[in-house]
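Read the figures in this text as sums done on the coordinates, not as results from a lab. Keep in mind that what you see is a predicted model, and the values were worked out from it rather than measured. Here the Cβ is made from the backbone with ideal geometry for all residues, glycine too, and neighbour counts use every protein chain on show.
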Amino acid sequence: MAVLTITKENFEAEVLQSDKPVLLDFWAVWCGPCRMVSPIVDEIAEERDDIKVGKINVDEQGELAQQFGVMSIPTLVVMKNGQIANKAVGAMPKEEILALL
């Protein structure tokens, strides 16, 4: 499944009302570690049909970043049934990202 771009406009429909767990990647263009994590997140989106994967650009979606208390990026958040199930900060290998799910 393709990676979704999450905005405050589609957040409720795509994340809170999702029937699947959602992996959210909080990132920014200028963030080096985000660029390392991004292709891994894309790969997970392609491989897994049982989850949704969304990316949130913190520069464009400051409200959402604030709502999740994102202080440093990349921050990965797993949402299940509209609730935060897991959260991790910093670049990490694919195995660790999959372990969050």
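Here are a few things to note about the model shown:
- Phi angles across the stretch 96-101 convert, under the Karplus curve 6.51 cos²θ - 1.76 cosθ + 1.60 with θ = phi - 60°, into 3J(HN,Hα) values of 5, 5, 4, 5, 5, 6 Hz, Gly and Pro given as x.
- Of [x] 1.05; [y] 0.91; [z] 1.01, the label for Rg/Rh (Cα atoms, Kirkwood Rh) derived from the coordinates: [y]
- Calculated from backbone phi, Karplus (6.51, -1.76, 1.60) coupling profile of the stretch 29-36 in Hz, x at Gly/Pro: 4, 7, 8, x, x, 5, 5, 6
- The 3J(HN,Hα) values that the Karplus relation (6.51, -1.76, 1.60; θ = phi - 60°) gives for the stretch 73-88 are, in residue order, 10, x, 10, 10, 10, 9, 10, 10, 6, x, 10, 6, 9, 6, 8, 8 Hz. Gly and Pro appear as x.
- Cut-off under 5 Å, modelled amide H: who pairs with N86 long-range: V78
- Close amide-amide hydrogen proximity is noted between L4 and V53, G54, K55, each under 5 Å apart and 5 or more residues distant or on a separate chain (H modeled in the peptide plane; Pro and chain starts excluded).
- Charged-residue dipole, Cβ positions (Lys, Arg, Asp, Glu), the chain about Cα centre, Debye nearest 20: 260
- Computed lengthening from L98 to I84, 0.36 nm per intervening residue step minus Cα-Cα distance: 3.5 nm
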